[in-house]
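Chemist: Let me give you the structure first, and then I'll get to my questions.
The values are calculated or read from the model by the stated rules, or taken from the named source; none is laboratory data. The structure displayed is predicted, hence computed values, not measured ones. Here Cβ is always computed from backbone atoms with ideal geometry, including for glycine, and neighbour counts include all displayed protein chains. Only protein heavy atoms, including side chains, enter the accessible area calculation; ligands, DNA and RNA are left aside. Shrake-Rupley method; radii C 1.70, N 1.55, O 1.52, S 1.80 Å.
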Amino acid sequence: MSIPNSSDAEKYNTTSPIDSNMTSLRKFSIGHILLDMGKITPSEAERILRLQKESGLRFGDAALKLGLITEEDIQLVLAQQFDYPYLLPGQGNHPPELVVAYQPFGAQVEVFRAVRSQLMLRWFTTGHKALAIVSYNPGDGVSLFAANLAIVFSQLGERTLLIDSNLRYPQQHEIFNIKNKQGLSDVLAGRAGISEVIARIDAFIDLSVLPAGTPPPNPLELLNRSSFDNINDQLANQFDIILYDTVAFSNGTDALAIAARTGGALLVASKNNTRLNDIHIMNEQLKRMGTEVIGSILID
């Protein structure tokens, strides 16, 4: 077998035009991200670069003109460039009601951003780290609301932790498709360490979820343990925003125990499911426990 010399290298042209052109795609450029996502192939990138050079178009516009990508692809890439991740329909296998993930530019998401702004001004910029999200009835939609709110906080660049403290009927592990073998209940019972059970949600920058864990026979007693305070202090050193998804008032007083430790609560009511008197009951009981009611949200 002969060993190629320098003239052989020139003869066979071992550096292809595509390889050399690929070096022009910077790591965080639209072209590089589209390649990493599998939206275009190297040969298609070559075609786009050629059109871009001939016409002076931007890479994304050239790719659109060639029909190789869609406007949705462009929006997805821009979201990655600006650290504002979201999902295309079907990605992540989350419920479609997770609108912040699937419809980041819709009118509904603007409502979550408005709530986020109010909470930042009224609560989180005043030295607080944790907030309880509470409702009266199981069907009030508090879990999905808390999940969407957690995502918009993480999109702001805040290190966000969503804790499923509904130890009776947990839902966050299903919403985010994570394991629920161990979680908050196991940490409170001394069966697991806090760092072992927090799940990082890779699809969203700066978002983590602590699932409820093993269904305990004594959820209220667990939540009232003094070790809960130590856990809160430990988490406050790791995260900027900590949101607690709580059990409905009609199913137990667990939410009162959690809200008493966070010091603040946000009330969630459903237009067709929550009575005005129910909201009044929640408000009075929380205030009696020394909890500040930051506001209330009506879900249509």
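Chemist: How much of the calculated P(r) for region 163-207 lies past 15 Å, in percent of all Cα pairs? Intermediate results must be reported in sequence, preceding the final value.
Modeler: Numbers: 434 of 990 pairs.
Of all Cα-Cα pairs in region 163-207, 44 percent lie more than 15 Å apart.
Chemist: Follow-up. Below 11 angstrom from the Cβ of residue 247, what's the summed charge of the other residues (Lys, Arg +1; Asp, Glu -1)?
Modeler: Result for the local shell: -2.
Chemist: Related question: What are the equivalent ellipsoid semi-axes of the chain, built from the alpha-carbon gyration tensor (square roots of five times its eigenvalues), in whole angstrom, biggest first?
Modeler: 48, 22, 15
Chemist: Another question, if that's okay. Using θ = phi - 60° and the Karplus curve 6.51 cos²θ - 1.76 cosθ + 1.60, what whole-Hz ³J(HN,Hα) does each residue of region 187-196 get, with Gly and Pro shown as x?
Modeler: 5, 5, 8, x, 8, 7, x, 4, 5, 7
Chemist: Which of 127, 252, 263 ends up with the largest GNM mean-square fluctuation for the chain, with Cα atoms connected below 10 Å?
Modeler: Largest GNM mean-square fluctuation: 127.
Chemist: Given R₀ = 35 Å, what would the calculated FRET efficiency be for residue 114 paired with residue 58, taking r from the Cβ atoms and rounding to 0.05?
Modeler: 0.60
Chemist: Just how many pairs of Lys in the chain have C-alpha atoms closer than 25 Å, counting pairs that are eight or more places apart or on different chains?
Modeler: Counting lysine pairs in the chain gives 8.
Chemist: Please get the size of the charge dipole for the chain, origin at its Cα centre, with Cβ charges of +1 on Lys and Arg and -1 on Asp and Glu, quoted in debye to the nearest 20.
Modeler: 280 debye
Chemist: Kindly write out, for region 94-100 in residue order, the coupling ³J(HN,Hα) from the Karplus curve 6.51 cos²θ - 1.76 cosθ + 1.60 (θ = phi - 60°), rounded to whole Hz, with x marking Gly and Pro.
Modeler: For region 94-100, the Karplus-derived couplings read 8, x, x, 5, 7, 5, 5 Hz, x marking Gly and Pro.
Chemist: Here's a follow-up. Which log10 I(q)/I(0) values does region 261-300 give at q = 0.17 Å⁻¹ under the Debye formula, counting every alpha carbon as one identical point scatterer?
Modeler: Values, matching the q order: -0.43.
Chemist: Sticking with this one: Per-residue ellipticity at 222 nm for the chain, helices alone: DSSP H runs ≥ 4 residues times -39500 (n - 2.57), over residue total, nearest 500 deg cm²/dmol?
Modeler: Per the formula, -12500 deg cm²/dmol.
Chemist: What's the ranking of 292-298, 120-126 by average number of surrounding C-beta atoms within 10 Å, highest first?
Modeler: Those peptides, ordered most packed to least, come out 292-298, 120-126.
Chemist: Let me ask another. Between region 116-137 and region 200-226, what is the separation of their alpha carbon centroids in Å?
Modeler: 18 Å
Chemist: Given R₀ = 45 Å, what would the calculated FRET efficiency be for residue 179 paired with residue 277, taking r from the Cβ atoms and rounding to 0.05?
Modeler: For residue 179 and residue 277, the calculated efficiency is 0.70.
Chemist: Run the 1.4 Å probe and let me know the accessible area of residue 271, rounded to the nearest 10 Å².
Modeler: Probe radius 1.4 Å; accessible area of residue 271 about 120 Å².
Chemist: Whole-Hz ³J(HN,Hα) for each residue in region 219-234, computed from phi via Karplus 6.51 cos²θ - 1.76 cosθ + 1.60 with θ = phi - 60°, x for glycine and proline: what do you get?
Modeler: So the J values, rounded to whole Hz, are x, 5, 5, 4, 5, 8, 5, 5, 5, 4, 4, 5, 5, 4, 5, 5.
Chemist: Please report the net charge: other residues with Cβ closer than 12 Å to the Cβ of residue 299, K and R +1, D and E -1.
Modeler: Net local charge, residue 299 excluded: -2.
Chemist: Separate question: Go through 216-223, 238-245 and give me the packing order, highest mean Cβ count within 10 Å leading.
Modeler: The most tightly packed comes first, giving 238-245, 216-223.
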